[in-house]
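Here's the structure, in structure tokens; my notes come after.
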Amino acid sequence: MGHRARHLLLTGRPGSGKTTLLRKLAARLPGPPVGFWTEEVRVGGVRRGFRVVTTWGASGRLAAVGLDSPLRVGRYGVDLTFLEDEAIPGTLRAVGAGEAAFVLIDEIGKMELHSAAFRQAVETVVESGRPLLATVGQVSDPLLDRLASRPDVRVVTVAPASRDRLARILAWQDGWQELGGSGDLA
């Protein structure tokens, strides 16, 4: 008999369906989530950057091609202003006030991990006892290693062929239920 996982981290290669699965799972869970996700910004069909969108409807820039910033991920300059001034504080306020049935973060990736406030917020959410549903980029990072080693965290690798098999993936009952099988949903 395994442990009960309270927090679910979805990982996989780019384009594997992590965000698609996260959104489908969030739609099936009780109560609206609190948190934020990252969206591509496209101009003329070409990806030019990323923005953060909160569950309460606010949005702001995270990264852009040509942005003059000392923080870089590939060809993108990273701007942490909206993430640190709006998305993180709003999420933590809702968690602290008990307004969050669960917390959604899409994604814990290279751009977001540039922020010390983001790193602390992820740890605060996990310690709060509020279930976390998040996507995780395939990056090596001490925060991600610590999270993955916790007994109340389940890391699931998503592959394109598996993302739509929600019935096999999870159920909700006072937290995440142990997933069947190896946890590898390839």
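The values are calculated or read from the model by the stated rules, or taken from the named source; none is laboratory data. Since we're looking at a predicted model, the values are computed, not measured. No Cβ is skipped: glycine too gets one built from the backbone with ideal geometry, and neighbour counts run over all protein chains shown.
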**Message:** Which residue is surrounded by the most Cβ atoms within 10 Å (Cβ to Cβ), if the candidates are limited to the stretch 1-20 and must be under 24 Å from Gly90 (Cβ atoms) and hydrophobic (A, V, I, L, M, F, W, C)?
**Reply:** Leu10
**Request:** Could you tell me whether the stretch 49-65 includes any residue that is farther than 22 Å from Leu144 by Cα, in a loop (DSSP other than H, G, I, E, B) and either in contact (Cβ under 8 Å) with a residue 40 or more places away in the chain or within 15 Å of the chain's Cα centre (by Cα) (or both)?
**Result:** yes
**Asked** modelled with pLDDT of 85 or more and in a helix (DSSP H, G or I): does that describe Glu123?
**Response** yes
**Request:** Could you figure out which of (1) assigned to a helix (DSSP H, G or I); (2) crowded, with 17+ Cβ neighbours inside 10 Å isn't true of Trp37?
**Result:** (1)
**Asked** Residues in the stretch 62-77: is at least one at pLDDT 85 or above and closer than 20 Å to Val125 by Cβ?
**Response** yes
